[in-house]
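The values are calculated or read from the model by the stated rules, or taken from the named source; none is laboratory data. Here the structure is a predicted model, which means the values were calculated and not measured. Counting neighbours? That spans all protein chains shown, and the Cβs are built from the backbone with ideal geometry, glycine included. Surface areas here come from the heavy atoms of the whole protein model, side chains and all, with no ligands, DNA or RNA. Shrake-Rupley method; radii C 1.70, N 1.55, O 1.52, S 1.80 Å.
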Amino acid sequence: MNEFTMEAQIEPVWGTIRSIRAEIKARLDGHAEGIRNAAGMVASELLENAMKYGETAPTASTIKFEFSVTSELLRLAVTNGIGSSTDLERLTSRIAEVNSAEDKAKPYMRRLEQLLEQPAERSGLGIYRIGFEGKFGLKCSARDGAVTVVATRNTK
Amino acid sequence: MTTQTSRYEQDGLLILLTKMGKKALVTWQGASDARDPSAFLGPVFERLLVEVKGCDVTIDFSALEYMNSSTVSPIVTLLKALNAQGIHAQVLFSNVDWQQTHRRCMLAITRVLPHVKVGTKGG
C-alpha cells in the first residue's frame, strides 16, 4: 500500500465534508472496503463537529485537516478554534468515555437508547460512532484556544 | 392494483415511497449528510406517517451510501412513531460493514418497539 500524508486548511463550508470523504475513500483505494468507509465516516464526523461547534481562533482561523497512512497506521486529525468551554468539556468527556469503555458499543448504544426515550436536537453520537463503528482510538488536546482531535486505527 | 409513488429529494439524498395496496416500501438512496438532517427528514416523515397509515411498511436502507450520525436521531423518532401508531415496519440494511453495524444497533434498541422488525435485505 502507498504511504501518504494529506494536509489541508478548510473553510467551514459544509459541502467540503462530502468532498473530503470522497477523496479519502479514493486515496485508500486498495484497502478493505470497511477501512475506506470507516475512514470516510471518521473524517466526516470530526469535520462536522469542528464546523458545528468550533469557532475561529487566532491560532486556528480555519479548520486544519490532516490525514496520513503508513503500512501500519491510519491517522486523521482535525484542529479548530474552541467554540465554548462547555463544548470542549462535552467533547473531552465523550472521548474519555469511549477510551475507558471496554466494549466500545456500550457508550453508543446508551446514547441511542437515550435518543429513543428522549429525542434531542443534538444526536451526540459522532464521537461514540468513531470509537464503535469506526474502531478508531481517539485523543484530544487543547492549546491556545484551539482543540485537536486525533483518530487512529491500525490498517491491518 | 395501482401503485402510488412519492419522491422526496434533497442534496444527494432520495427517499422514495411506493405504495401498492396495503404495502408501502420506503427506499433510501444516496447520502444523508446535511448539517441538520431533521430539517428535511422531519417534514418528510410527517407526510410518510400519514401516507402509510393502514399499511405494512418496509424501510430499505440497503442502497444508502452514507449517513451521518445526525441522521440517526430522526430515524429513531420515525420508528418510534410508526410503532406508536401500530404500523408494522420492517427495516432493512445491506451486508456492508457500516450498514450491519447500524442493523445491530437498531435491532437492539427496537426490542421495545413490538411493531418494528429489523433485518438484512435478502437475509
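For region A:3-14, does any single residue satisfy the condition of being under 30 Å from residue B:109 (Cβ atoms), more than 10 Å from chain B (Cβ to nearest Cβ) and not in a loop (DSSP other than H, G, I, E, B)?
Looking for residues that are under 30 Å from residue B:109 (Cβ atoms), more than 10 Å from chain B (Cβ to nearest Cβ) and not in a loop (DSSP other than H, G, I, E, B), one finds none in region A:3-14, hence no.
Check residue A:49 against each of (1) buried (at least 18 other Cβ atoms within 10 Å of the Cβ); (2) more than 14 Å from chain B (Cβ to nearest Cβ); (3) not charged (D, E, K, R) and name the one condition it does not meet.
Among (1) buried (at least 18 other Cβ atoms within 10 Å of the Cβ); (2) more than 14 Å from chain B (Cβ to nearest Cβ); (3) not charged (D, E, K, R), residue A:49 violates only (2).
Any idea which residue in region A:89-136 is most open to solvent (accessible area, probe 1.4 Å), counting only those that are modelled with pLDDT of 95 or more and among the hydroxyl-bearing types (Ser, Thr, Tyr)?
Checked region A:89-136; the qualifying residue most open to solvent (accessible area, probe 1.4 Å) is A:100.
For region B:61-80, indicate whether the set of residues that are in contact (Cβ under 8 Å) with a residue 60 or more places away in the chain and either buried (at least 21 other Cβ atoms within 10 Å of the Cβ) or more than 10 Å from chain A (Cβ to nearest Cβ) (or both) is non-empty.
Scanning region B:61-80, I find no residue that is in contact (Cβ under 8 Å) with a residue 60 or more places away in the chain and either buried (at least 21 other Cβ atoms within 10 Å of the Cβ) or more than 10 Å from chain A (Cβ to nearest Cβ) (or both), so the answer is no.
Any residue in region A:65-78 that is farther than 30 Å from residue B:81 by Cα and touching a Gly at 6+ places or on another chain (Cβ under 7 Å)?
The answer is no, given that none of the residues of region A:65-78 is farther than 30 Å from residue B:81 by Cα and touching a Gly at 6+ places or on another chain (Cβ under 7 Å).
If you check residue A:112 against the conditions, is it over 24 Å from residue B:37 (Cα atoms) and either touching a residue at least 24 places away in the same chain (Cβ under 8 Å) or within 10 Å of another protein chain (Cβ to nearest Cβ) (or both)?
The answer is no for residue A:112.
What are the residues in region B:25-44 that are over 17 Å from residue A:49 (Cα atoms) and in contact (Cβ under 8 Å) with a residue 12 or more places away in the chain, if any?
B:25, B:26, B:27, B:28, B:29, B:30, B:31, B:40, B:41, B:42, B:44
Of all residues in region B:45-59, count the ones that are surrounded by fewer than 17 Cβ atoms within 10 Å (Cβ to Cβ) and either within 14 Å of chain A (Cβ to nearest Cβ) or free of Cβ contacts under 8 Å to residues at least 12 places away in the same chain (or both).
2
For region A:77-87, state whether one or more residues are under 18 Å from residue A:131 (Cα atoms), at pLDDT 95 or above and either open to solvent by 40 Å² or more (accessible area, probe 1.4 Å) or assigned to a strand (DSSP E or B) (or both).
Scanning region A:77-87, I find at least one residue that is under 18 Å from residue A:131 (Cα atoms), at pLDDT 95 or above and either open to solvent by 40 Å² or more (accessible area, probe 1.4 Å) or assigned to a strand (DSSP E or B) (or both), so the answer is yes.
Need the failing condition index for residue B:12 against (1) open to solvent by less than 30 Å² (accessible area, probe 1.4 Å); (2) more than 18 Å from residue B:81 (Cα to Cα), just the number.
Failed condition: (1).
If a residue must be more than 10 Å from chain A (Cβ to nearest Cβ) and among the basic types (Lys, Arg), how many such residues does region B:81-110 contain?
1
Would you mention how many residues in region A:1-46 are surrounded by 15 or more Cβ atoms within 10 Å (Cβ to Cβ), of a type outside the set (A, V, I, L, M, F, W, C) and under 30 Å from residue A:85 (Cβ atoms)?
The total comes to 5.
Please go through region B:86-103 and pick out each residue that is within 13 Å of the chain's Cα centre (by Cα) and open to solvent by 40 Å² or more (accessible area, probe 1.4 Å).
B:88, B:90, B:103
Quick one: is residue A:60 in contact (Cβ under 8 Å) with a residue 60 or more places away in the chain, of a type outside the set (Asp, Glu) and either open to solvent by less than 70 Å² (accessible area, probe 1.4 Å) or more than 20 Å from residue A:140 (Cβ to Cβ) (or both)?
Against the criterion (in contact (Cβ under 8 Å) with a residue 60 or more places away in the chain, of a type outside the set (Asp, Glu) and either open to solvent by less than 70 Å² (accessible area, probe 1.4 Å) or more than 20 Å from residue A:140 (Cβ to Cβ) (or both)), residue A:60 qualifies.
Consider region A:88-107. How many of its residues are aliphatic (A, V, I, L, M) and either touching a Ser or Thr at 6+ places or on another chain (Cβ under 7 Å) or in a loop (DSSP other than H, G, I, E, B) (or both)?
Summing the residues that are aliphatic (A, V, I, L, M) and either touching a Ser or Thr at 6+ places or on another chain (Cβ under 7 Å) or in a loop (DSSP other than H, G, I, E, B) (or both) in region A:88-107 gives 1.
So residue A:63 clears everything in (1) away from every other protein chain (no Cβ under 11 Å); (2) among the aliphatic types (A, V, I, L, M); (3) over 13 Å from the mean Cα position of the chain (by Cα) except one condition, right? Which one?
Only one criterion in (1) away from every other protein chain (no Cβ under 11 Å); (2) among the aliphatic types (A, V, I, L, M); (3) over 13 Å from the mean Cα position of the chain (by Cα) is unmet by residue A:63, namely (3).
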